[in-house]
């Protein structure tokens, strides 16, 4: 927020399954950002079940960002 003060950020906290909660608000979002652990396997980078579900079902762009 300090580096990009012109970017509007909305914080929202809910109790429930992460994937279901993200998908429930994705219809009103311009972008959904989900994280993933920065680990690699023999077949390359993997995403978890939450990122996978959001990628396949969100009605807006999704950014999957590795832990850094």
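No value in this document is a laboratory result; all are computed from the given coordinates. None of these values were measured; they are calculated from a predicted model. All Cβ positions, glycine included, derive from the backbone under ideal geometry; neighbour counts span all protein chains shown.
Structure values in brief
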quantity: Over the chain, relative contact order from alpha-carbon pairs under 8 Å, at least 6 apart, %; calculated: 37
quantity: Inter-probe distance in nm under a simple model that places probes 7 Å from Cα toward Cβ, at residue 47 and residue 2; calculated: 3.1
quantity: Gain upon complete extension [residue 37, residue 63; 0.36 nm per residue less C-alpha separation]; calculated: 8.0 nm
quantity: Calculated Rg and Dmax of the Cα atoms in Å (choose from (i) 13.4, 41; (ii) 17.8, 60; (iii) 14.5, 61), label; calculated: (i)
